[in-house]
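Report on the following structure.
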Amino acid sequence: MEKALKSKTVWRGRFLAFKSDEVELPDGRVTVRDIVEHPGAVAIIPILSDGRILLVRQYRYAVDKELLEIPAGTMERGESPKECAARELSEETGYEAERMEELTRFYTAPGYSSELIYLFMAEGLKPCPRSLEEDEEIRVEAFELDQVLEMISRHIIEDGKTICGVLYLDYVKNLGKF
């Protein structure tokens, strides 16, 4: 285990904070760990009654391109992962789910970030009012699972949470758990 000696918050934003920590390694050496503190997030695989999966298409400034992704978002203070998943699903897609099940959870980049994503599957979808955030422009599209898997293999889908989520869903479906 590494032992924190000093911690300095370098910057704090709306959701994220950047820290630089001085740590002692198990052998006594001292080094610095730069960390992105993240409140956690959710990602949702919304499945329509005909089996198609809803994906959202949106421009991502950090990579300067439009990406096709499963709906997702950052948890707000005091919000449970399931509450966040329900909120993000309705905001981004205009659907609410009768059933929302957590499939798994995973760290996105534990070498420098504390972000933990909770992956949900949403079923029994019903239309509801959509309420995008002020800075969001999102198009909703529906695809068969095989189409999504093909887009992953052809590098059309490049978003990590989408790749992880859809491959996990396909894996558990093949095990006969759904």
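The values are calculated or read from the model by the stated rules, or taken from the named source; none is laboratory data. Fair warning: this is a prediction, and the values are worked out from it, not measured in the lab. Neighbour counts are summed over all protein chains in view; Cβ atoms, including those assigned to glycine, are modelled from backbone coordinates with ideal geometry.
Brief remarks on what is shown
- Checking every residue in the range 6-18 against the condition of being of a type in the set (Val, Ile, Thr) and more than 25 Å from VAL140 (Cβ to Cβ) gives at least one match.
- Residues of the range 124-178 that are in a loop (DSSP other than H, G, I, E, B) and touching a strand residue (DSSP E or B) at 6+ places or on another chain (Cβ under 6 Å): CYS128, ILE138, ILE157, ASP159.
- Residue that is surrounded by 11 or more Cβ atoms within 10 Å (Cβ to Cβ), in contact with a Gly (Cβ under 7 Å, 6 or more places away or on another chain), in contact (Cβ under 8 Å) with a residue 40 or more places away in the chain and not aromatic (Phe, Trp, Tyr), where the choices are LEU125, LEU132, LEU116: LEU116
- Restricting attention to the range 16-39, the residues being assigned to a loop (DSSP other than H, G, I, E, B) and surrounded by fewer than 16 Cβ atoms within 10 Å (Cβ to Cβ) number 6.
- Some residue of the range 104-112 being at pLDDT 95 or above, crowded, with 18+ Cβ neighbours inside 10 Å and either outside the structural domain of VAL56 (by TED's automatic domain parsing) or not polar (S, T, N, Q) (or both): no
- Flag if ASP146 is within 19 Å of THR104 (Cα to Cα) and over 16 Å from the mean Cα position of the chain (by Cα): no
- Leading residue by the ranking (surrounded by the most Cβ atoms within 10 Å (Cβ to Cβ)) among those in the range 1-15 that are part of a loop (DSSP other than H, G, I, E, B) and within 22 Å of the chain's Cα centre (by Cα): PHE15
- All told, THR93 falls short of being among the β-branched types (Val, Ile, Thr) and within 17 Å of CYS164 (Cβ to Cβ).
- Single match in GLU96, GLU101, GLU83 (criterion: surrounded by fewer than 19 Cβ atoms within 10 Å (Cβ to Cβ), in contact with a Lys or Arg (Cβ under 7 Å, 6 or more places away or on another chain), modelled with pLDDT of 95 or more and under 15 Å from ALA122 (Cβ atoms)): GLU96
- Note on the range 135-168: among residues that are free of Cβ contacts under 8 Å to residues at least 12 places away in the same chain and exposed (fewer than 12 other Cβ atoms within 10 Å of the Cβ), the one that is farthest from ILE47 (Cα to Cα) is ASP135.
- Subset of the range 126-156 [within 19 Å of LYS173 (Cα to Cα) and in contact with a Ser or Thr (Cβ under 9 Å, 6 or more places away or on another chain)]: VAL148, ILE152
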